[in-house]
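The values are calculated or read from the model by the stated rules, or taken from the named source; none is laboratory data. Remember, predicted model here, so these are calculated numbers, not experimental data. FYI the Cβ positions are ideal-geometry reconstructions off the backbone, even for glycines, and counts take in every protein chain you see. Accessible surface is based on the protein model in full, side chains and every heavy atom, while ligands, DNA and RNA are left aside. Shrake-Rupley method; radii C 1.70, N 1.55, O 1.52, S 1.80 Å.
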Amino acid sequence: MFIVSMLIGIAGGLLAMSSLIVGKSPRAAEQLAKLAQYQGWIGIVMFGWGVWEIIGCVLNMSLLGSHPLIWIFWALSGFADFAVGLLLGFGLISTYAFRGNATAIQKGDAVRSKLVKFQVPLGGLAIVMSVIYGVLNFV
């Protein structure tokens, strides 16, 4: 299960950091463009996975006593997946959730425009936390 979590965190994190990555490596633009066409769906999956991880962390608080590092990185990975998933999947989420309500779509876009400045750092957090959480589970 943690391998799936690691892959979701890395894929979403790369998409979230795409503007930074493309600026440093033009060849990466081609590869990220292939992944970007699925951005909304990856975002929704990542958002749902983040919710699932956060619920799992809350239900397994007892791990804090026996395996605190695993629990902390699990919680941080869940938060990063939730936040990045929300940002990446926002367009698709708002299309279905706010269907027909122009005011809600405008307010949602205003909130997203304020949060988008955190997209690159959250993408980095998602990658790092997912990798550390995966490594800790292998050890």
Which residue, chosen from N137, G100, L88, occupies the Cα position most advanced towards the positive end of the dipole of the stretch 50-139, where the dipole is computed from +1 (Lys, Arg) and -1 (Asp, Glu) charges on Cβ about the Cα centre? G100
Need the full-extension length gain, K107 to A33, defined as separation in residues times 0.36 nm minus the C-alpha distance. One decimal, nm. 23.8 nm
Residues of type aspartates and glutamates that K114 reaches as a straight line, Cα spacing below 17 Å, ignoring anything fewer than 8 places off in the same chain: none
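How high is the relative contact order of the stretch 56-139, in percent, with contacts defined as C-alpha pairs under 8 Å that are six or more residues apart? Don't skip to the end; give the middle numbers.
Numbers: 43 pairs, mean separation 36.7, N = 84.
Computed over the stretch 56-139, the figure is 44 percent.
Which of the peptides 107-116, 10-19, 128-137 is most tightly packed, and how do the rest follow, judged by the mean count of other Cβ atoms within 10 Å per residue? Please list the in-between numbers first.
Details: 107-116: 12.7, 10-19: 22.3, 128-137: 18.9.
For the peptides 107-116, 10-19, 128-137, the packing ranking is 10-19, 128-137, 107-116.
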Alpha carbons only, please: Rg and Dmax for the stretch 92-139, in angstrom. 16.4, 50
Rounding to the nearest 10 and keeping the result within 0 to 90°, find how far the Cα-based axis of helix 68-97 lies from the longest principal axis of the chain. 20 degrees
Using 1/(1 + (r/R0)^6) with R0 = 22 angstrom and r between the beta carbons of V131 and K24, what's the FRET efficiency to the nearest 0.05? 0.65
Quick one: which of 44-56, 91-103 comes out on top by average Cβ neighbours within 10 Å, and what's the full order, highest first? 44-56, 91-103
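Might you tell me the accessible area per residue for the chain, computed with a 1.4 Å probe and given in Å²?
Details: 8130 Å² over 139 residues.
Result: 58 Å² per residue.
Over the Cα atoms of the chain, Rg to Rh with Kirkwood Rh, two decimal places? Before the final figure, lay out the partial values.
Working: Rg = 15.8 Å, Rh = 15.5 Å.
Rg divided by Rh gives 1.02.
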